[in-house]
Amino acid sequence: MSKQKKSNSRLVYSTEAGRLCPQCQRPVAGCVCGNSRPAATGDGIVRLQRESKGRGGKVVTLIKGLPLAGAELQALASELKKKCGTGGALKGDTVEIQGDRRDLLKQELENRGYTVRLSGG
């Protein structure tokens, strides 16, 4: 049997260069795409989750699945923190807002045109 290379396969990791960019197929350190790389949009649904695990009993609201990246995500996080009147943080692509503010955040994100679902406890 002859082995045929699949036309839709692509190299994801190389032992020579490490992780490769999905768009330009260059090592991530030498990527030419830069900031124009699209954000991971997932299924298009923004999920609000209440979590207190690992925070000494303090509750935070996690916002996951926002189709934004970089400065846009940071600006939205800042506006949401101001709207809630609380602190928070941006960790990776997840926005953390202090306190259980899911109802207020759901209403605000829906006003901005996002599809929002409550998930978790």
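Odds and ends about this structure:
- Length released on extending from R19 to L118, taking residue separation times 0.36 nm less the Cα-Cα span: 32.3 nm
- Over the stretch 45-119, Cα pairs under 8 Å with separation of 6+ residues give a relative contact order of 40 percent.
- Working from label points 7 Å from Cα in the Cα-to-Cβ sense, the T86 to Q107 distance is 1.5 nm.
- Fully extended contour minus Cα-Cα distance, from A75 to V59, at 0.36 nm per residue: 3.5 nm
- More than 19 Å apart - percent of Cα-Cα pairs taken over the stretch 45-119: 25
- Estimated FRET transfer efficiency (C31, E51; beta-carbon r; R0 30 Å; 0.05): 0.40
A short reminder: the numbers here are calculations on the coordinates, not readings from a lab. Just so we're clear, the structure is a prediction, and the values are computed from it rather than from any experiment. Here Cβ is always computed from backbone atoms with ideal geometry, including for glycine, and neighbour counts include all displayed protein chains.
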